[in-house]
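Peer 1: One structure follows; several queries about it will come next.
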Amino acid sequence: MQAPVPTFAKLQRFKIMRNYKDAKAMARSLRTSLEAKSVELSHSDCLELIANAFEFRDWNVMAAKIDAEAGSATSAPVANGNALVFKHVIPILRIFDVEKAYEFYRDFLGFNVDWEHRFHAGAPLYAQVSRGNLKLHLSEHHGDASPGSTVFVWMRGIEAFHRELIGKAYKYNRPGLEDAEWDAKMVQVYDPFGNKVRFSEPHAADDPRA
């Protein structure tokens, strides 16, 4: 006779013994214990049980929470005594026409042009644009990036952002507001050079991904 799958209450008691960051190890231990009782569950199923025990909607949400906290933690000191800290990620996107790039990123998406750099008059442009905490580098230099890149942006307020974009009546791009496969809303825009910026907002207000 097969042993019953542990109840939520049993998993709650198990939770008290371990930190939720040990979720994968807990799932492995749970699976091993169940196999000893002739109960077969996949590792994915065990992860979902552990996530539910910690009152997350599913494993994806819990994993995002773990990643978010791990990313905000300071790493161990390196040899010279200074902490190793990664601050920001700034994608570089290839552009071929400055006027069209600014029409898209500044006028349509609402970015500010923070600074511009050229090695000399007539040289290719390298510039930074930003909106809030989001920064992008735009480059005419052929070695910096390839056209056709995709930038994924977690955000909040996507419905208002979508209304803002549609209200600008930019004739080359009228993005939709879609339900994405990753349990989120999505607005995807295409710049004049084949690059995509994929804005996304989780459906749940307490989702730690954004």
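The values are calculated or read from the model by the stated rules, or taken from the named source; none is laboratory data. Please read all numbers here as calculations on a predicted model, not as lab measurements. Using ideal geometry, Cβ is built from the backbone for each residue, glycine included, and neighbour counts are taken over all protein chains shown.
Peer 1: Out of the strands (runs of 3 or more DSSP E) lying entirely within region 149-191, which hold 3 or more residues that are at pLDDT 95 or above and within 26 Å of His137 (Cβ to Cβ)? Give the derivation first.
Peer 2: Values: elements: 150-154, 178-180, 184-190.
By residue number, 150-154, 184-190.
Peer 1: Go through region 103-141 and give me each residue that's part of a loop (DSSP other than H, G, I, E, B) and either basic (Lys, Arg) or in contact (Cβ under 8 Å) with a residue 12 or more places away in the chain (or both). So that I can check it myself, show each step before the final result.
Peer 2: Here is the first cut: in region 103-141, the ones part of a loop (DSSP other than H, G, I, E, B) are 109-111, 118-125, 132-133, 140-141.
Those that are part of a loop (DSSP other than H, G, I, E, B) and either basic (Lys, Arg) or in contact (Cβ under 8 Å) with a residue 12 or more places away in the chain (or both): Leu109, Gly110, Phe111, Arg118, Pro124, Leu125, Glu140, His141.
Peer 1: Let me ask you something else. Would you check if Leu109 is in the same structural domain as Gln188 (by TED's automatic domain parsing) and either in contact with a Gly (Cβ under 8 Å, 6 or more places away or on another chain) or at pLDDT 75 or above (or both)?
Peer 2: Values: in the same structural domain as Gln188 (by TED's automatic domain parsing): yes; either in contact with a Gly (Cβ under 8 Å, 6 or more places away or on another chain) or at pLDDT 75 or above (or both): yes.
Against the criterion (in the same structural domain as Gln188 (by TED's automatic domain parsing) and either in contact with a Gly (Cβ under 8 Å, 6 or more places away or on another chain) or at pLDDT 75 or above (or both)), Leu109 qualifies.
Peer 1: Among the residues of region 23-46, what is the count of those that are without any contact (Cβ under 8 Å) to a residue 12 or more places away in the chain, loosely packed, with under 13 Cβ neighbours inside 10 Å and over 16 Å from Asp58 (Cβ atoms)?
Peer 2: Within region 23-46, the first condition is being without any contact (Cβ under 8 Å) to a residue 12 or more places away in the chain, and the residues that meet it are 25, 29, 32-33, 35-36, 40, 42, 45.
When the remaining residues are screened for being loosely packed, with under 13 Cβ neighbours inside 10 Å, the result is 25, 32, 35-36, 40, 42.
Among the residues that remain, those that are also over 16 Å from Asp58 (Cβ atoms) are: 25, 32, 35-36, 40.
Count: 5.
Peer 1: Considering only region 71-88, I want to know if a residue exists there that is in a loop (DSSP other than H, G, I, E, B), out of contact with any Ser or Thr (no Cβ under 9 Å at 6 or more places or on another chain) and at pLDDT 85 or above.
Peer 2: Step one: list which residues in region 71-88 are in a loop (DSSP other than H, G, I, E, B), which gives 73-76, 78-82, 84-88.
Narrowing the set further to residues that are out of contact with any Ser or Thr (no Cβ under 9 Å at 6 or more places or on another chain) leaves 73-76, 78-82, 87-88.
Right, trim to at pLDDT 85 or above and you get 87-88.
Within region 71-88 (the criterion being in a loop (DSSP other than H, G, I, E, B), out of contact with any Ser or Thr (no Cβ under 9 Å at 6 or more places or on another chain) and at pLDDT 85 or above), the answer is yes, since at least one residue qualifies.
Peer 1: In region 47-64, what residues are surrounded by fewer than 20 Cβ atoms within 10 Å (Cβ to Cβ) and not acidic (Asp, Glu)?
Peer 2: Listed by number, the residues that qualify are Asn52, Phe54, Arg57, Asn60, Val61, Ala63, Ala64.
Peer 1: If I go through region 89-102 residue by residue, how many of them are surrounded by 11 or more Cβ atoms within 10 Å (Cβ to Cβ) and not in a helix (DSSP H, G or I)? Full working, then the answer.
Peer 2: The initial filter retains those residues of region 89-102 that are surrounded by 11 or more Cβ atoms within 10 Å (Cβ to Cβ), namely 90-98, 100-102.
Then keep just the ones that are not in a helix (DSSP H, G or I); that gives 90-97.
Counting residues in region 89-102 that are surrounded by 11 or more Cβ atoms within 10 Å (Cβ to Cβ) and not in a helix (DSSP H, G or I) gives 8.
Peer 1: Now, a different point. If you scan region 178-204, which residues turn out to be under 15 Å from Glu164 (Cβ atoms) and among the aliphatic types (A, V, I, L, M)?
Peer 2: Val187, Val189, Val197
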